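All remarks here apply to the structure that follows.
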Amino acid sequence: MLLFLISCFSFVVLSKTIPLEPLPPWANDMRLLSIFFWKDFSFFPISHLIKRSFLRTLPQLPRKMALKKRSSSSKPQKTDENREMSVLDLPDLALECVLERLSPISLCRMAGVCSSLRDRCRSDHLWERHMKQKWGRIIGIAAYREWKWQIASRNDFGAFEIRKRKGLLRFLSHLFPISWVKAKIDSRCKSESALPVDSIMSWYLALETGRFWFPAQVYNRENGHVGFTLSCYDAELSYDPQTNTFQARYPPHGRRAIAIENGVSWERLRAAPVDTSPHDLHISDCLNDLRPGDHIEIQWRRNKEFPYGWWYGVVGHLESCDGSEYRCHCHTSDTIVLEFNQYMPGSRWRRASINRKDHREEGNEADGFYGGIRKLYSKDEISTWKHLWPTEILE
């Protein structure tokens with residue numbers, strides 16, 4: 001039995017030498033020792049069977065080991081050439097071209113892939129194009145100023161939150177380990193400030209989700225009420241992504257409360273053409289250039305408590321002029337005649353006169369007050385007003 005155990009031990013030691021690592025010197029000695037040991041103890045009956053089976057397999061071991069070496073050496077090695085190409089492997093210019101062609105939704109998704117793409121996809125130069133393409137026509141100086149004011153308010157609130165958290169940290173440090181408390185607060189601050197509030201991407205998302213109310217102007221306010229036909233008034237707007245329309249809030253005036261209008265379409269919106277408050281008189285710089293036939297917008301309000309709205313009209317001829325192109329001298333007169341042809345002839349709203357040399361707010365409580373004038377040079381602006389022309393003449 002002892003001899004059988006020694007033989008098994010030698011076989012185990014021999015089988016351990018099969019791996020491809022170089023064999024230690026003592027392994028060869030043990031292999032030879034086991035062979036001679038079998039020959040010396042061949043008189044045992046069971047040894048004949050075991051010896052024959054073992055010696056039959058022994059010559060095959062080198063062959064199998066060589067085959068294993070060849071098969072293992074033929075496996076393809078993982079090199080940089082076989083590695084799958086990533087979008088980050090593209091040259092910077094090519095990657096920028098790809099990102100520039102992505103939609104805002106795709107950019108947001110791409111920003112969630114990794115930190116490198118996140119920083120690239122949040123770049124202002126990528127979002128400037130999307131901002132101008134979708135919001136450029138209705139976002140003006142007033143909206144930008146409002147956004148900057150909100151950023152400043154958030155920063156002030158953030159500074160207050162930091163001071164409050166520092167006080168909380170000092171309080172909790174008496175109850176919990178300081179490292180644990182600081183890690184919790186730092187992780188919360190990091191998650192809240194993941195997207196810079198002053199980035200164009202942040203501004204775009206605030207507009208797209210309707211979280212940001214911005215100032216703009218609405219044509220034919222209050223669902224085209226007859227009293228506001230061919231006018232444009234200031235309002236605060238919020239986008240509704242579900243309907244692709246806007247909600248408008250018109251500021252209160254006099255005894256009238258805030259008016260709210262839903263479902264305002266894109267075609268009825270524009271950015272304020274001049275940076276003038278609706279309660280201030282616009283300083284006109286085009287009075288000396290006005291001639292009959294020119295298209296204009298003029299401020300008008302019902303009374304002193306109302307805000308100004310911009311109303312569309314054209315420059316007309318004086319009563320003493322026959323309208324002849326060769327005999328007309330209306331452009332040299334100090335009086336400018338304004339015509340609002342959406343009203344029928346004889347209506348008190350049809351014509352108005354202002355002073356070219358010393359123009360101030362003119363009017364009365366019965367007919368309202370006329371303010372500053374701006375001449376329309378853009379064909380697009382004129383076309384927009386004509387598109388809003390009423391189907392019937394107003395009284």
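The values are calculated or read from the model by the stated rules, or taken from the named source; none is laboratory data. As the structure is a prediction and not an experimental result, all values here were calculated from the model. Here Cβ is always computed from backbone atoms with ideal geometry, including for glycine, and neighbour counts include all displayed protein chains. Calculation scope for accessible area: heavy atoms of the full protein, side chains included, ligands and nucleic acids excluded. Shrake-Rupley method; radii C 1.70, N 1.55, O 1.52, S 1.80 Å.
Observations on the model:
- Computed over region 240-346: relative contact order in percent, which uses C-alpha pairs under 8 Å that are six or more apart: 18
- Each residue of region 272-282 was assigned a 3J(HN,Hα) from its phi angle through the Karplus curve 6.51 cos²θ - 1.76 cosθ + 1.60 (θ = phi - 60°); the sequence is 4, x, 10, 8, 10, 5, x, 9, 10, 7, 6 Hz, with glycine and proline shown as x.
- q = 0.19, 0.22, 0.28 Å⁻¹, region 284-345: log10 I(q)/I(0) [Debye, one scatterer per Cα]: -0.79, -0.97, -1.24
- About the Cα centre, charge dipole magnitude for region 240-395 (Lys/Arg +1, Asp/Glu -1 at Cβ), debye: 220
- Rg over Rh, two decimals, region 226-273 (C-alpha only, Kirkwood Rh): 0.97
- Cα convex hull volume per residue for region 320-376 (Å³): 123
- Shape category assigned to region 267-395 from the gyration tensor of Cα positions, a/c cut at 1.5: rounded
- Net charge of Cβ neighbours under 13 Å - reference TYR312; Lys, Arg +1; Asp, Glu -1: 0
- Over region 199-314, all Cα pairs binned in 10 Å intervals from 0 give whole-percent P(r) values of 12, 40, 31, 14, 2, listed from short to long.
- Solvent-accessible area, 1.4 Å probe, carbon plus sulfur percent, for region 252-395: 47
- Summed over the residues of region 106-160 and divided among them, the accessible surface reaches 61 Å² per residue at a probe radius of 1.4 Å.
- For ALA111, neighbours were defined as the other residues whose beta-carbon sits under 11 Å from its Cβ, and their charges (Lys and Arg +1, Asp and Glu -1) total +3.
- Gap separating the Cα centres of region 316-337 and region 88-139, nearest whole Å: 56
- Rolling a 1.4 angstrom probe over the protein heavy atoms with all chains in place gives region 210-354 an accessible area of 49 Å² per residue.
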